[in-house]
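Worksheet: one structure, shown below.
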Amino acid sequence: MWGKSVVRFALLSLSILALGGCSSFPDDGPATRSIVKAAHATSDKHYDLVNLDYRVVGEVAAHPPEPLTTMAGSSSTARLRPIGDGDLLSVTIFQPNSEMSLDLSGSDSETKKSDNQSLPGLLVDDTGGVSIPYCGQVEVAGLTPTEAAGAIKRALKGRFINPQVLVSVQTSSANSVTVFGEVKTSGLIRLFPNNDTLVNVIASAGGTSRPTGDVVVAITRAGRTTTAPQSVVLSDPAQNNRLAPRDEVRLIYHPRKFSTFGALTRDAETPIEDDSLSLAGVLSKLSGLDSNNANPSAVMLFRFERPEVARALGLSFNPSADQVPVVYRLDLRNSSGFFVAQRFEVQPDDIIYVPHADLAEARKFFEVVNEVSSVGYDITNTNTVVK
């Protein structure tokens, strides 16, 4: 009875081994040997395999990524516009050397005891004027607040004794920019001579709750748009442009993410929430490797690397290529690998893959044998079955 079972088991095992040689076992990625073999292929080579060590980490860190876009040189030189249509003005009129101030409220008495008389918010109409009691429409569009005060004073001449006029702009669409997107308060932000830069305006809109590395700032002016990461705008003064009236500022959420596969505790697409994240930080976020299945000597990181980094690493590639496919391999069986992982920064769109260990593959084989053969094969009884 046992002889037939052993023969049956042997035949099934040979069949399954043949399937295994054809990579027919269920898996979630290539084996370590397949990755290494493809990297050393003499023809049809698709990527380079680089062992992560202190030298490699230093070379990568010495060539930090440059922003793909920039706002440098886009600063506005335009002066703030004078009073224009749609502006809301505050006008205050009073008489000096008198305890009796003007009453422009429309009451029967011409004067009343008050330090000054403030008119309610006056809207500059589409003709460029504002309506002032006792003198009618006064043209103020195209004037500065000081010039507008002079125009109103001249209009009041002969009606009151040497009135003094103060004009201030409460709101000004002509001197505002539109801010929207990933800000706490979208809307019009008025520009002032000492408050007209990109950082000033974003702060006036309440800033953003997103990590600065995940936000792209876009300025649209006269139909042309320039962009830069917010982290660059904050760190590089050349990117903190002076804005022009009627600019549109949009903050766009563009999350940085990396992907993980293989013998880890979970497969996931994970956001990079901090300004930077090391490979050690990634493994910690994922609660480490799968101790039952992972090959700790082959933690692989797949990346389209920049040509200047590939050149510094001594890799051969097409001179016209703007990206070079590289697989970085980290050996965590060596204790120094943990220090290397702590210094190696993960970049957006990186893929981290950990192949299964050889013993895990062998265990998978025996599980398939047990399931298919119905012999109830048990590794602990192997000797008994053979005998």
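Being more than 8 Å from the chain's Cα centre (by Cα) and closer than 18 Å to residue 275 by Cα is the filter; apply it to the range 232-253 and report the residue that is surrounded by the most Cβ atoms within 10 Å (Cβ to Cβ). Break it down stepwise before answering.
Start the filter on the range 232-253 by keeping residues that are more than 8 Å from the chain's Cα centre (by Cα), which leaves 232-251.
Imposing the further condition that a residue be closer than 18 Å to residue 275 by Cα reduces the set to 232-236, 251.
Details: 232: 21, 233: 24, 234: 15, 235: 11, 236: 15, 251: 20.
Applying the filter and picking the extreme gives 233.
May I ask you to list the residues in the range 186-213 that are hydroxyl-bearing (Ser, Thr, Tyr), assigned to a helix (DSSP H, G or I) and in contact (Cβ under 8 Å) with a residue 40 or more places away in the chain?
Here is the first cut: in the range 186-213, the ones hydroxyl-bearing (Ser, Thr, Tyr) are 186, 197, 204, 208-209, 212.
Going one step further and asking which of them are assigned to a helix (DSSP H, G or I), we end up with 204, 212.
Hit for the range 186-213 is 212, nothing else.
Looking only at the range 254-308, filter to residues that are of a type in the set (A, V, I, L, M) and touching a helix residue (DSSP H, G or I) at 6+ places or on another chain (Cβ under 6 Å); which one of those is surrounded by the fewest Cβ atoms within 10 Å (Cβ to Cβ)?
First, the residues of the range 254-308 that are of a type in the set (A, V, I, L, M): 263-264, 268, 272, 277, 279-280, 282-283, 286, 289, 294, 298-301.
Of the ones still in play, those that are also touching a helix residue (DSSP H, G or I) at 6+ places or on another chain (Cβ under 6 Å) are 279-280, 298.
On the way: 279: 25, 280: 19, 298: 24.
Taking the candidates together, the pick is 280.
Provide a single number: the residues in the range 214-240 that are assigned to a helix (DSSP H, G or I) and touching a residue at least 60 places away in the same chain (Cβ under 8 Å).
Within the range 214-240, the first condition is being assigned to a helix (DSSP H, G or I), and the residues that meet it are 214, 230-235, 237-239.
Restricting the remaining residues to those that are touching a residue at least 60 places away in the same chain (Cβ under 8 Å) gives 232-233, 238-239.
Total meeting the criteria: 4.
Residues to consider are 335, 374, 320; find the one that is at pLDDT 90 or above, of a type in the set (Ser, Thr, Tyr) and open to solvent by 60 Å² or more (accessible area, probe 1.4 Å).
335
Go through (1) more than 19 Å from residue 50 (Cα to Cα); (2) open to solvent by 40 Å² or more (accessible area, probe 1.4 Å); (3) outside any loop (DSSP other than H, G, I, E, B) one by one and return the number of the condition residue 325 breaks.
The one condition residue 325 does not meet is (1).
Might you let me know whether the range 111-122 holds any residue that is touching a Phe, Trp or Tyr at 6+ places or on another chain (Cβ under 6 Å), open to solvent by 30 Å² or more (accessible area, probe 1.4 Å) and modelled with pLDDT under 75?
Yes: the range 111-122 contains one or more residues that are touching a Phe, Trp or Tyr at 6+ places or on another chain (Cβ under 6 Å), open to solvent by 30 Å² or more (accessible area, probe 1.4 Å) and modelled with pLDDT under 75.
Kindly evaluate residue 143 against the criterion of being at pLDDT 75 or above and in a strand (DSSP E or B). Break it down into steps so the answer makes sense when it comes.
Values: at pLDDT 75 or above: yes; in a strand (DSSP E or B): no.
No, not satisfied.
Being open to solvent by less than 30 Å² (accessible area, probe 1.4 Å), assigned to a helix (DSSP H, G or I) and in contact with a Cys (Cβ under 9 Å, 6 or more places away or on another chain): is that true of residue 152 here? Steps first, please.
On the way: open to solvent by less than 30 Å² (accessible area, probe 1.4 Å): yes; assigned to a helix (DSSP H, G or I): yes; in contact with a Cys (Cβ under 9 Å, 6 or more places away or on another chain): yes.
Criteria met by residue 152.
Restricting to the range 159-216, name every residue that is modelled with pLDDT of 85 or more, surrounded by 19 or more Cβ atoms within 10 Å (Cβ to Cβ) and of a type in the set (Gly, Ala, Ser).
Hits for the range 159-216 are 176, 205, 213.
Name the pairs whose Cβ atoms lie under 6 Å apart, with the first residue in the range 53-74 and modelled with pLDDT of 70 or more, the second basic (Lys, Arg) and open to solvent by 70 Å² or more (accessible area, probe 1.4 Å), and 6 or more positions between them or separate chains?
Within 6 Å, the pairs are 57/343.
The values are calculated or read from the model by the stated rules, or taken from the named source; none is laboratory data. The structure presented is a predicted model; accordingly, all values stated were derived computationally and were not measured. Note that we place each Cβ from the backbone using ideal geometry, even for glycine, and neighbour counts take in every protein chain shown. Heads up: the accessible areas ignore ligands, DNA and RNA and are worked out on the full protein's heavy atoms, side chains in. Shrake-Rupley method; radii C 1.70, N 1.55, O 1.52, S 1.80 Å.
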